[in-house]
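Student: Starting off with a structure, shown below.
The values are calculated or read from the model by the stated rules, or taken from the named source; none is laboratory data. Model, not experiment: these values are computed from the prediction. Cβ: placed from backbone, ideal geometry, glycine included. Neighbour counts: every protein chain shown.
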Amino acid sequence: MAAVKRKQKVVIKPVVSTGTWIVLGYWALCALIYLSTDLFVDLYTTTDFVSVAWIAGLVVLPLTIYTLYAGRQEFFTSWYASIFFPLIVFGLYLGTAYFNALNLDLLASAAFKDTTPQTLPVQDVHQEFARKAGFVYTNVTLFYQGKPVVFQGTRTSFFLLKPYQQLHVRIGRSYLGNYYITRIQLPAHERWAARWAYLKDWFWRYVWLLIALPVLYVLSLLKDKFFPAPLVRKKPVDRPYLRFFRKLFIVLISLFGLFVLLLLLIGLFS
């Protein structure tokens, strides 16, 4: 009796390449550096360095080329996309690499350089707002060595430092020349009070989202019930490469959402 051979459907799954892991590792490293800066550096100055920007641009150029090559079917769909997408991708890599290089300088300096205790008068503490992102960080102006110096802090720094006329700190100078304060001597309960104040401020600024999202969900349910979309049969197209990038996009969005959540938690507990 002849053996019946069953045809097995072979499903070829896209393999994540080494370059893709390097790109994902780069973004994970950026998130780690950003969070570590918020954890271990209370205040710092933000002087710009053109040489650091040039070096950062050269470092991320291979990542930019690989990202554009891997997503060439999505990025180069038209002549204007072929112009703008490379600029956007390179700008995203350059910005993150530049600011994380400055943060690495602060972290390395805080770890290996000495700091000195100082009592610094406070001239001003105010919130800095971005046009679309809202309250993004706190600017704290302290008198140091006979002149006002503007430091940058977290969002909770505004609620923590606003009542103070002077601060007892440990201050140092980074390898690149920025000032940094590793620790402000304040009671722990005041830090928790500042975190709670920031949480309440964040809630009232974004409470409209808690209202808008359920309303939009109910409206979508009503639309599907009373105004259903006509059924359109489309010819299936087998695009495994496109499916792979959709999965990768979902992973990146998930990581970005987790990153935003961690930033929120760091803002509350730093």
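Student: Please determine, by comparing only the residues of segment 38-65 that are in a helix (DSSP H, G or I) and modelled with pLDDT under 85, which one is surrounded by the most Cβ atoms within 10 Å (Cβ to Cβ). Can you show your working first?
Tutor: Restricting attention to segment 38-65, the residues satisfying the condition of being in a helix (DSSP H, G or I) are 38-40, 50-65.
Narrowing the set further to residues that are modelled with pLDDT under 85 leaves 38-39.
Numbers: ASP38: 19, LEU39: 13.
The qualifying residue surrounded by the most Cβ atoms within 10 Å (Cβ to Cβ) is ASP38.
Student: Can I ask one more? Hey, among the residues in segment 172-187 that are among the aromatic types (Phe, Trp, Tyr) and in a strand (DSSP E or B), which one's nearest to the chain's Cα centre (by Cα)?
Tutor: To start, the set of residues in segment 172-187 that are among the aromatic types (Phe, Trp, Tyr) comprises 175, 179-180.
From what is left, the residues that are in a strand (DSSP E or B) are 179-180.
Details: TYR179: 23, TYR180: 21 Å.
Per the criteria, the residue is TYR180.
Student: Can you name the residue in segment 66-87 that is more than 19 Å from LEU24 (Cβ to Cβ) and among the hydroxyl-bearing types (Ser, Thr, Tyr) and, of all such residues, is surrounded by the most Cβ atoms within 10 Å (Cβ to Cβ)?
Tutor: From segment 66-87, those more than 19 Å from LEU24 (Cβ to Cβ) are 73, 76-87; that's our starting set.
With the extra rule that they be among the hydroxyl-bearing types (Ser, Thr, Tyr), the set shrinks to 77-78, 80, 82.
On the way: THR77: 11, SER78: 9, TYR80: 8, SER82: 13.
Ranking the qualifying residues of segment 66-87, first place goes to SER82.
Student: Which condition breaks for LEU142 when tested against (1) modelled with pLDDT under 90; (2) farther than 27 Å from CYS30 by Cβ; (3) hydrophobic (A, V, I, L, M, F, W, C)?
Tutor: (1)
Student: Determine if segment 188-210 includes at least one residue that is touching a residue at least 60 places away in the same chain (Cβ under 8 Å), closer than 18 Å to ASP38 by Cβ and in a strand (DSSP E or B).
Tutor: No, every residue in segment 188-210 fails to be touching a residue at least 60 places away in the same chain (Cβ under 8 Å), closer than 18 Å to ASP38 by Cβ and in a strand (DSSP E or B).
Student: Among the listed residues VAL122, VAL218, VAL169, identify the single one that is surrounded by 12 or more Cβ atoms within 10 Å (Cβ to Cβ), more than 22 Å from ASN103 (Cβ to Cβ), of a type in the set (Val, Ile, Thr) and over 23 Å from the mean Cα position of the chain (by Cα). Before you say what the answer is, go through the steps one by one.
Tutor: Working: VAL218 fails: surrounded by 12 or more Cβ atoms within 10 Å (Cβ to Cβ); VAL169 fails: more than 22 Å from ASN103 (Cβ to Cβ).
Just one listed residue meets the conditions, VAL122.
Student: For ALA188, state whether it is modelled with pLDDT of 75 or more and touching a Ser or Thr at 6+ places or on another chain (Cβ under 9 Å). Write out each step before concluding.
Tutor: Details: modelled with pLDDT of 75 or more: yes; touching a Ser or Thr at 6+ places or on another chain (Cβ under 9 Å): no.
Against the criterion (modelled with pLDDT of 75 or more and touching a Ser or Thr at 6+ places or on another chain (Cβ under 9 Å)), ALA188 does not qualify.
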